[in-house]
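The values are calculated or read from the model by the stated rules, or taken from the named source; none is laboratory data. Note that the structure is a prediction, hence the values are computed from the model and not measured. All Cβ positions, even for glycine, are placed from backbone atoms using ideal geometry, and neighbour counts span all protein chains on display. Heads up: the accessible areas ignore ligands, DNA and RNA and are worked out on the full protein's heavy atoms, side chains in. Shrake-Rupley method; radii C 1.70, N 1.55, O 1.52, S 1.80 Å.
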Amino acid sequence: MSDNVVHLHKHTPTPAAEDRPTLAVVEAAPAPEETAPAESAPAGEAVDRADNPLADWLTVPDAPVLPVWARSRAAVVANVTALGRLTWWHTRYHGIRTPKYLMKAVLLAARGFYRACAGLWPTLSAQDHSAAVKALKAQSKARPEDVELATRLQIAHAERTRTRRWRFGAAAVAVAAAATGAALAPPLVQAGMTAAVITPLAYLGRGKETRLLDQAAPPVRVDLSAQQLNDALRAAGLLKTGAGKDEKDLPRVSCTMGPVRDGRGWAVIFDLPRGGGKTASDVLAKREVIAQELGVDEIQVIMSRVRAAKGGNAGRVSMWVADDDPYLGTPNPSPLEKAERFSIWEPVPFGQDARGTRVAIPVMWQSMFFGGLPRRGKTFSQRLLTAAGLLDAFVRHYVADGKGGADWMPMKAVAHRLVMGAEDDAIEALKAMLAELLAEMERRFALLRDLPTSVCPEGKLTPEIVAKYNLPVIFVTIDELQEYFTAMEKEDREQVINDLCRIARRGPAAGFISNFASQRPDAESVPPKLREIITIRYSTQVVDRTSSDMVLGKGKAAQGADASVLSEEHKGVGVLVTGPASYVTVRADYLDGPTFAALCRKGRSLREAAGQLTGDAAGDVTAAADAAGVTVPAIVSDVLEVMRHSPRMFTTDLLAALVNLDEDTYGDFNAERLAAELEAAGVKRTSKQVKISGANGAGYQRRDIEDAVPAEILLSTAG
């Protein structure tokens with residue numbers, strides 16, 4: 001026998017609709033061959049039985065108690081803020097039109113005065129009485145008996161007219177006295193009296209279509225309503241059209257919240273109707289069509305599924321439609337710019353979403369991949385995460401830049417290993433760096449395995465282990481990966497890919513953070529087996545949905561995470577994917593080159609104070625000179641930078657590397673000018689010929705360049 005039961009479901013409130021309990025009473029179907037007798041029903045039986053006369057009274061309604069704008073603190077704040085902005089806009093709009101309104105009020109008052117005089121004159125002149133007298137006089141010619149009556153009425157008319165004129169004269173004198181008093185009164189009193197006179201007269205002078213104030217149109221480009229939402233979804237093929245049916249009989253979405261004002265846009269959470277065969281994923285895939293039907297750009301439409309953990313289901317969608325493009329305007333400076341220290345164990349401040357909510361990325365135990373077209377802010381965004389590690393003295397940086405430009409040059413002050421460019425010597429340096437990382441990773445795992453569970457309960461690095469065993473977090477940053485892979489031989493390429501995969505896959509438990517970046521990562525430049533093990537991905541603008549999926553993951557564009565909708569104006573804006581079903585479009589914080597260089601100098605000071613300055617940074621003469629406040633000629637510093645991995649270099653190769661480093665400065669250099677500039681900077685060449693791989697040619701020795709650096713700096717780096 002099947003009993004009737006009551007199911008009470010309390011949905012977890014969504015962020016925009018807190019404290020909204022939903023109670024649903026469901027009746028289970030009885031068994032096909034028997035029903036429960038009323039007398040044997042348990043005490044906890046359902047109230048919505050067919051034989052219960054109180055069922056309609058006791059059923060819990062599935063409806064919220066509060067209006068949609070008052071169901072959460074965020075909604076109340078958003079609507080109050082919107083009301084404040086609207087009030088301020090109206091104040092400014094009507095404020096600048098005050099002279100026009102005053103002139104209009106005076107004209108209406110003049111017309112009202114005329115209407116008042118025209119209306120009072122019949123009473124003052126007793127025209128109604130005189131009309132009766134004239135009628136009697138006309139009759140008296142035919143009827144002499146009315147002459148006496150007409151005479152009496154004439155006398156009464158004269159008396160009444162004289163009395164009214166005396167009253168009017170007294171009123172006129174009173175008005176004149178009041179006007180004289182107003183002329184002698186203070187300005188504030190004059191203004192009040194004038195307003196008291198003009199206001200009723202202007203009201204009397206108005207017409208049916210006359211309006212004193214202009215009709216203001218608030219600057220709201222989007223005015224979302226439930227009807228517009230249904231029409232847009234129906235046009236996108238997500239709701240049945242029902243040809244020939246009345247509009248009220250067509251299927252419609254059920255809005256669990258809104259539409260309501262939310263910041264600088266409209267928010268709505270809705271459920272698709274059952275029976276239509278459409279899901280929330282179908283809605284996300286139709287983002288462009290829905291935006292077109294709403295009359296906005298798709299960048300203004302932010303949609304996501306509402307999962308069960310937040311009270312959702314497979315057909316529930318959260319949508320936010322911005323009034324305008326939410327990603328344009330002055331970029332926001334990074335909070336790291338003014339920070340003195342930062343713990344890499346905390347989420348790194350990264351940017352803001354469309355509603356202005358701060359977005360932070362937890363980088364511990366993670367690996368990151370950045371992609372997108374050139375000059376869209378990809379490197380600037382990638383540097384934000386590395387910059388956070390600069391302010392933690394117990395973070396050791398390994399950096400490689402396949403482009404070899406100026407973006408990562410400041411890291412020479414901090415980086416334990418720094419590889420610049422993708423030439424043969426740089427590729428060898430990269431391979432050596434990866435080998436060093438793998439050896440350090442295996443050493444750490446061996447150490448962690450031997451630690452007791454009281455110290456290392458999960459077999460992973462902890463802040464306490466970092467401090468006690470001097471195991472700093474390893475931050476591996478590699479930019480322009482495709483430059484290395486395209487420059488390598490096939491065998492070297494496969495080895496480097498395998499090494500990177502091992503670091504990204506196993507390294508997080510040992511405190512390794514991978515931060516990789518590339519342009520459009522096709523199978524040749526960045527193979528899928530490396531991309532697919534990355535946990536956090538970020539893409540700036542790309543050319544199409546296929547390219548977006550290459551960076552963010554297969555199928556992400558169909559879920560709404562599509563970086564191809566970004567335009568050329570969206571510099572520093574990208575789509576951030578943090579999980580299989582978690583993504584957000586973020587406007588990354590701004591951290592320019594000089595600020596990044598200042599953070600590198602600050603990071604060097606922190607490491608020197610903590611005894612954590614190691615590797616290339618400890619022996620870098622130009623970085624040491626910068627930290628000591630000693631000026632090293634720029635030509636010397638740049639030549640040392642491009643010769644970082646080479647004890648000697650041919651002049652032609654050195655010039656090419658300098659142009660790659662700074663084309664604006666070294667684009668016009670030739671061998672003679674380079675020699676003259678270095679000689680003026682104090683470089684004395686022991687030999688103008690160098691031998692590299694058995695070939696002789698004009699070139700430079702790195703030791704000759706280093707000799708131009710002050711001796712005290714050389715001693716400090718050697719020590």
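Ignoring ligands, DNA and RNA, how do Met103, Met643 rank by accessible area with a 1.4 Å probe, largest first? Please list the in-between numbers first.
Values: Met103 120, Met643 0 Å².
I get Met103, Met643, largest accessible area first.
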By the mean-Cβ-within-10 Å protection proxy, highest first, 248-255, 526-533 rank as 526-533, 248-255
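What is the packing order of peptides 540-551, 321-332, taking the mean over residues of other C-beta atoms within 10 Å and listing the highest first?
Values: 540-551: 20.8, 321-332: 17.4.
By packing density, highest mean first, the sequence is 540-551, 321-332.
Based on the Cβ-Cβ distance from Glu569 to Cys117, what FRET efficiency comes out when R0 is 60 Å, to the nearest 0.05?
Numbers: r = 64 Å, r/R0 = 1.06.
That pair, Glu569 with Cys117, gives E of 0.40.
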Accessible area per residue for the range 378-434 in Å², computed with a 1.4 Å probe and the full protein assembly in place, what is it?
22 Å²
Whole-number percent relative contact order across the range 264-316, with pairs defined as alpha carbons under 8 Å at least 6 apart
38 percent
Considering only DSSP beta bridges with both partners in the range 462-601, what is the antiparallel share in %, to the nearest 5?
65 percent
Mean Cβ-within-10 Å packing, highest first, puts peptides 384-393, 633-642, 303-312 in the order 384-393, 633-642, 303-312
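Roughly how many percent of the accessible protein surface of the range 632-709 is carbon and sulfur, given a 1.4 Å probe and a whole-percent answer?
Accessible surface attributable to carbon and sulfur in the range 632-709 totals 44 percent.
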Positive-end residue, the range 434-588 charge dipole about Cα centroid, Cβ charges, pick of Met441, Pro527, Ala517
Met441
